[in-house]
1. Condition test on residue 571, is it surrounded by 14 or more Cβ atoms within 10 Å (Cβ to Cβ) and in contact (Cβ under 8 Å) with a residue 60 or more places away in the chain?
2. Which condition number in (1) buried (at least 16 other Cβ atoms within 10 Å of the Cβ); (2) assigned to a loop (DSSP other than H, G, I, E, B); (3) at pLDDT below 85 is the one that residue 73 fails?
3. Considering only residues of the range 609-656 that are within 33 Å of the chain's Cα centre (by Cα) and small (Gly, Ala, Ser), which is farthest from residue 516 (Cα to Cα)?
4. Can you tell me which of (1) touching a residue at least 24 places away in the same chain (Cβ under 8 Å); (2) within 19 Å of residue 435 (Cβ to Cβ) is the one residue 504 doesn't meet?
5. Restricting to the range 542-569, count the residues that are under 21 Å from residue 639 (Cβ atoms) and either of a type in the set (Gly, Ala, Ser) or not assigned by the TED database to the domain that holds residue 600 (or both).
6. Would you check which residues across the range 121-140 are in contact (Cβ under 8 Å) with a residue 40 or more places away in the chain, out of contact with any Ser or Thr (no Cβ under 7 Å at 6 or more places or on another chain) and outside any strand (DSSP E or B) and list them?
7. Give me a count of the residues in the range 115-134 that are over 18 Å from residue 158 (Cβ atoms) and open to solvent by 10 Å² or more (accessible area, probe 1.4 Å).
Amino acid sequence: MSALPTRARVLRLVVPFSLALCAALPSHAQQGDVAAAENLVRLFYAEHSKRFNDGDTPLLNDAPAAKEFLVDGLVQGELQGILQFDPVYDAQDASISDLSIRPDPDAPLLQGAARIKVTFTNFGMPIRHIYTLITVPDGSWQINDIYSETNDWSLSDLLQSAGVDIRSDPGSEITLKGSSAAGSTIGSGQTQAANGGDAVVPGMEEGDLPGNGLSSEGSDLLFVLDGSGSMWGQVDGVAKITTAKQALTGLIGDLPAQTNVGLMAYGHRREGDCGDTEILYPVSNFDTERLKPVIDAITPRGKTPIAAALQQAASAMPASNRPANVLLISDGLETCGGDPCAAAKALAERGINTRVHVVGFDLTQEENQALQCIAENGGGNYYAANNAESFTEAVKQAVADAGKAAEPPAPEPEAEEVVPASTLVFEETFDGPELAASWQTLNGTDRLTRFTGSGTLFVSALGGDTIYDNKNALNRLVLDEPLPDGDFDLSLKFKLHEQSGHESVSLSLLEDTNNQIGAMAWIWTKGCGSYLNLSLTRLSGDPEGKPEVSRFDVNLFSKQIVKTVCDKAGRAYGNKVLESLSTDGALLRLKRRGRALSAAIELELPAADGQEGGPYVLETDPVTVLRLAGKPSVLAGQWNKAKSQESHFEFDRFAIELVSQ
């Protein structure tokens with residue numbers, strides 16, 4: 001389907017007579033509560049279509065009108081402008097036919113939320129949508145999300161990705177109940193499950209609410225349960241997931257009635273999927289009998305994306321001034337390369353009353369210590385449990401502590417700036433004629449390296465395959481020396497002679513190619529010429545599979561050393577800096593401070609073209625590493641765009657230094 005601006009050509013919209021007729025019928029003509037939800041979707045679609053055909057303001061861009069159909073979090077002025085397409089038609093343009101609106105035959109009700117299936121053809125392309133609706137305090141239905149089965153997006157996810165805060169308390173929702181829209185009135189909308197009718201299916205779409213609202217008097221509590229495969233492991237002869245389910249099921253019945261409770265899980269649906277996080281029961285004034293089967297349905301399968309789960313938890317917590325607590329239950333460390341400690345800090349900073357607590361189940365002392373930073377950064381408490389009894393007590397205590405008001409932090413005394421002192425642990429000066437005996441060369445090719453006789457090791461890279469994430473990279477140096485305890489720096493003094501425009505120098509802690517974290521200085525050439533960059537790279541995963549990659553890049557030629565190299569002066573000075581890398585070199589560092597690692601580069605800027613020269617230092621934001629592993633490694637390489645061109649480097653000095661304050 002061509003992507004054209006809205007209304008870029010003559011539009012043809014075919015709305016079946018049945019849709020228009022249903023839109024005109026009062027809600028009591030519909031049968032049952034799902035029918036009332038279906039009717040609201042028909043009204044919504046009819047109003048959207050009318051405006052589309054008449055050339056009026058799109059319904060989704062008209063906040064007061066959209067508020068009658070959508071929950072407040074989805075109501076945004078100029079929503080279609082934010083998304084750059086029409087989500088109702090799943091395109092920028094429309095010629096609609098074969099429209100069908102009906103309850104989802106697979107699951108018309110999920111935990112009290114209605115699911116309405118909308119199918120149509122747009123310019124010959126079949127489109128399938130699922131509308132999720134919830135009830136709000138006046139008993140009416142409102143649309144809580146739209147999911148495109150065809151193109152795999154949800155409206156709530158798209159808005160969050162665009163930086164829109166979609167959280168809302170439902171108490172202020174404006175609905176069609178008691179007001180007119182095409183001559184109809186939406187009915188009560190109480191779900192069949194709530195009235196003791198049809199049983200609901202455990203589990204629900206992300207973004208759904210159970211339909212019984214939020215208590216404004218209590219607190220908010222979100223359980224985040226580890227559903228990774230390791231939860232099948234046994235403690236005291238019982239699977240850990242069974243113990244966790246029993247503990248949670250027993251606790252929820254004892255929670256204060258005014259507590260708003262939600263449930264989230266990760267690793268419970270798919271093996272090897274680091275995106276497997278799901279809100280199973282959104283934070284709400286919960287129904288114990290509805291929540292229990294949701295807990296019981298969790299089946300461990302996959303990985304442990306703790307950071308991603310905490311990031312999603314931030315958007316799942318309702319926007320309010322109530323005390324809010326997240327309780328993470330995990331039997332292992334992050335396995336997807338994320339930074340759960342940073343995610344916990346960001347989650348805690350979303351509100352003055354938000355805390356993150358952690359229960360570590362069946363962990364080693366080292367693993368418990370590694371997970372503690374999540375609770376520390378989240379302003380909460382950490383509880384270690386090694387058997388079923390202590391686990392149950394830990395969860396009870398965590399819930400009890402979550403109900404207490406957070407103590408305000410004591411003011412921090414003003415600290416004087418302290419320059420760290422360093423102690424040399426290991427040094428390689430590359431004087432030759434051999435490397436120190438503790439070095440190992442992976443995929444060594446002698447013809448591409450030689451000692452220069454002037455205190456450097458010359459290294460050549462060619463073929464475009466020698467890069468940090470390629471296990472076949474040539475002449476990767478790995479040091480078999482123990483890492484010091486405490487804070488330390490790995491540093492490499494190097495010279496880089498730009499020839500291909502795609503050179504790189506990597507300094508990392510390497511377990512294997514798919515499990516490493518490192519600093520990288522690199523050159524990339526595109527429209528305005530060559531750019532110098534600094535990156536902090538992190539890979540994690542199966543050594544024989546495809547790793548999860550996190551890379552934090554800083555372009556030193558964009559608002560750093562120069563504002564831009566896309567003008568004459570900036571390009572000229574950028575070229576001088578690249579020349580200085582060849583003559584004077586630079587110092588690349590991988591820095592550990594506590595559990596945080598960062599990348600840094602130090603170089604002497606030339607005085608030229610009106611620019612003052614002098615020392616220049618840039619350091620990336622840190623990432624948190626719960627368990628440090630790997631051996632120091634050095635690699636001179638090039639990106640595959642270098643192809644057959646050759647790149648030249650010189651290594652001058654490598655060092656490991658213990659840093660103390």
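The values are calculated or read from the model by the stated rules, or taken from the named source; none is laboratory data. As the structure is a prediction and not an experimental result, all values here were calculated from the model. Counting neighbours? That spans all protein chains shown, and the Cβs are built from the backbone with ideal geometry, glycine included. Keep in mind that these areas ignore ligands, DNA and RNA; they rest on the heavy atoms of the full protein, side chains included. Shrake-Rupley method; radii C 1.70, N 1.55, O 1.52, S 1.80 Å.
1. The answer is no for residue 571.
2. Of everything listed in (1) buried (at least 16 other Cβ atoms within 10 Å of the Cβ); (2) assigned to a loop (DSSP other than H, G, I, E, B); (3) at pLDDT below 85, residue 73 misses just condition (2).
3. Going through the qualifying residues, I end up with 642.
4. Of the numbered conditions (1) touching a residue at least 24 places away in the same chain (Cβ under 8 Å); (2) within 19 Å of residue 435 (Cβ to Cβ), the odd one out for residue 504 is (2).
5. Qualifying residue count, the range 542-569: 2.
6. Residue satisfying the conditions is 137 alone.
7. 8
Matching residues to (1) open to solvent by 30 Å² or more (accessible area, probe 1.4 Å); (2) within 29 Å of residue 643 (Cβ to Cβ):
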{"site": "450", "(1), (2)": "yes, yes"}
{"site": "456", "(1), (2)": "no, yes"}
{"site": "465", "(1), (2)": "yes, yes"}
{"site": "470", "(1), (2)": "yes, yes"}
{"site": "478", "(1), (2)": "no, yes"}
{"site": "481", "(1), (2)": "yes, no"}
{"site": "490", "(1), (2)": "no, no"}
